[in-house]
Amino acid sequence: RPIFDGNSSIFSPMPLQIEEDGSIFNVKLDTNPEVNARVKTFKIIIRKNENGEISMKPLKQYMDGQIGLTQQVANAMTALNTILNSETRDKFPNVKCGIFPDQERAYRLHGGIQLRFGFSQSIHMGTDNLYVNVDICFSTFFPSGPLLEVIGALFGRSRDDLHRGFNKQQKGILETLLRGIQFRTTHREGSRRKFKIEKLSNQAAQDIKFMDKNGRELSVADHFLDQYKRHLEFKNLFCVIVKKTIHFPLEVCEVLPGQVFKKDLTDVGKADMIKITATKPLDRFKKIEDGIDKYLQFNNNNDLQAVGIQISREMAVVEGRSLASPKLAYPKSEVEPMNGRWSIRNLKFPRCQSLSNWIIIVLAEISENK
C-alpha cells in the first residue's frame, strides 16, 4: 500500500498511476464520522517525485565508505523510517516519534495530569548493517472523563467543593488549561459529536440569558430544565463556550481521552515525573523487549514485508570495556572507589576550608492547602 509520511510525501512499493504533470483527486471526508455531520470535499494533488525512484544502492555505498553523505542517502533513510513506523502509528495513539498504547499504565502527576509510557523506533546506520533503535519514551496527557471531575483533579478539589466556585485567578488558570480541549456532551442521548473549548463564560449558567425559538427569554439553566428535563446542580458556575456563541454547562461535558498536555507542569509535577521515569537498566531492557513483542511486532508488519525488509528479534551484541576507577589521593593514602562509592572514615582532606557565612533559600512550591 502507499504510505504517507504525515507531511507531504507518499512512498509506494510499486508505481502509482499518476500523470506526468500530476493527478487531481476529489476526496470526500466526514468532518465528524461518529455523527451525521457535514461531509467536506478536499482537492488533493499528487505529483511524481522529480528524482524518481528511491534506490538503496547509494545508502549501501555510503555505509561501505565508497561515497559521501548525499541527498540520495538521506532520502533512502527517510523512506525506510516512514515504512517502519507507518503501521504502528495507524494502530496506536502517537505523539511526535513515539506510540502510546492504551494498554500501558497511566500515572497521575500532581495537578491531575497523566503520564504515559510509550515506545519509539528508528532505523540507524551501523558499521556493517542497518539497525533499529527501540527505546521507551513518555508524554503527558490531559485527564479524561466528566469535566467537573477533571477540574477537581486539576485543582485538587472534591466535587462538592466545586460548589464554592472559583476566584478570578483560578478561573484564568482553568481557562488557559482548557482552551483547545476536545469534549463530548452527555445531555442528548446518542449524540457523539465532538466540540473544542474556546473559552469560559464570564457569567454563570443561571445568569446567561438568550431568546428561544418561541421568543421567550431563558437562562442556560432554564433551557436545560425545559428542553432536556435536566436540573443543573452547578448552575452557579460558568459555562464552556464553543464556536463563539454556544454555551454548555460544565456538568454536561465529558473530556475525550488521548489529548496531549502541552502546558508546563508544576514543580511538584516535574518532580513526580522524574521519579516515575527513572528506570533501572534491566527494567528498561525488559520493557523494550515487551514492547517489541506486544506492539512493534516486526515480523507481522505488512509494510515492512511489502518492501522485503526483515528485522531480527534479537538484540545486537557489541563488545565493550569497563574503565578502571580513578584513585583518590589523600595526604597519607590513596583510595580506589568500588561500585562508585568509597568510605572517608579515618581519612583527612589535604586542606579544609571554613564556612564563615551561609544562607538557606527555599524554592519549594507553596499551595493554598498548606
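The numbers here are math on the coordinates, done by the rules we state, and not lab data. Quantities reported herein were computed from a predicted structural model and do not represent experimental measurements. Positions of Cβ are generated from backbone atoms using ideal geometry, with glycine treated the same way; all protein chains shown enter the neighbour counts.
Each of ASN214 and ALA306 was given a label point 7 Å from its Cα along the Cα-to-Cβ line. The distance between the two points is 5.8 nm.
Identify which of PRO101, PRO331, PRO93 has the largest mean-square fluctuation in a Gaussian network model of the chain, with springs joining Cα atoms closer than 10 Å. Comparing PRO101, PRO331, PRO93 in a Gaussian network model of the chain, the most mobile one is PRO331. Near LEU218, once Lys and Arg are set to +1 and Asp and Glu to -1 for all other residues with Cβ below 15 Å from its Cβ, the sum equals +1.
Secondary-structure-derived ellipticity at 222 nm for the chain, considering helices only, amounts to -7000 deg cm²/dmol, per-run term -39500 (n - 2.57) for DSSP H runs with n ≥ 4. Charge dipole (Cα centre; +1 on Lys/Arg Cβ, -1 on Asp/Glu Cβ; no other charges) of the chain amounts to roughly 1040 debye. Just check the stretch 273-370 against the gyration tensor rule for me: Cα atoms, a ≥ b ≥ c as the square roots of the eigenvalues, rounded for a/c under 1.5, and otherwise prolate or oblate depending on whether a/b exceeds b/c. Here the stretch 273-370 falls in the oblate category.
Between LYS275 and ASP30, the contour length at 0.36 nm per residue exceeds the alpha carbon distance by 83.9 nm. The stretch 103-133 to the stretch 210-270: how many Å between their Cα centroids? The distance from the Cα centre of the stretch 103-133 to that of the stretch 210-270 comes to 36 Å. Each residue in ILE54, ILE359, ILE45 was given a count of other beta-carbon atoms within 10 angstrom of its own, and listing them fewest first yields ILE359, ILE45, ILE54. Structural descriptor for the chain: relative contact order 12 percent, calculated from alpha carbon pairs under 8 angstrom and at least 6 residues apart. Whole-Hz Karplus values for the stretch 307-317 come out as 10, x, 8, 10, 10, 6, 6, 7, 6, 6, 10 Hz, taken residue by residue from phi with 6.51 cos²θ - 1.76 cosθ + 1.60 and θ = phi - 60°; glycine and proline positions read x. Placing +1 on the Cβ of every Lys and Arg and -1 on the Cβ of every Asp and Glu, with nothing else charged, gives the stretch 155-255 a dipole about its Cα centre of roughly 420 debye.
Answer with one residue from ALA221, ALA204, ILE173: the one whose Cα lies farthest towards the positive end of the charge dipole of the stretch 155-255, charges on Cβ with Lys, Arg +1 and Asp, Glu -1. Selected residue: ILE173.
Among MET315, ASN301, ILE359, whose Cα projects farthest towards the positive end of the dipole of the stretch 234-370, with charges put on the beta-carbon of Lys, Arg (+1) and Asp, Glu (-1)? The residue sitting farthest along the positive end of the dipole is ILE359. Modelled spin labels at PHE349 and LYS91, positioned 7 Å past Cα toward Cβ, are 5.6 nm from each other. Charge tally around ILE46: other residues with Cβ under 15 Å, Lys/Arg +1 each, Asp/Glu -1 each, net -1. Distant-in-sequence amide contacts of ILE3, defined by a placed amide H-H separation under 5 Å and a gap of 5 or more residues or a different chain, comprise PHE11, SER12. Across the stretch 297-306, coupling constants 3J(HN,Hα) worked out from phi with the 6.51/-1.76/1.60 Karplus curve, θ = phi - 60°, read 6, 3, 6, 10, 8, 5, 5, 5, 5, 5 Hz, and Gly and Pro carry x. Under the combined filter of DSSP loop state and at most 12 neighbouring Cβ atoms within 10 Å, the stretch 144-217 retains these GluC sites (Glu not before Pro): GLU189.
Summary value for the stretch 155-255: 28 percent relative contact order, contacts being C-alpha pairs under 8 angstrom separated by 6+ residues.
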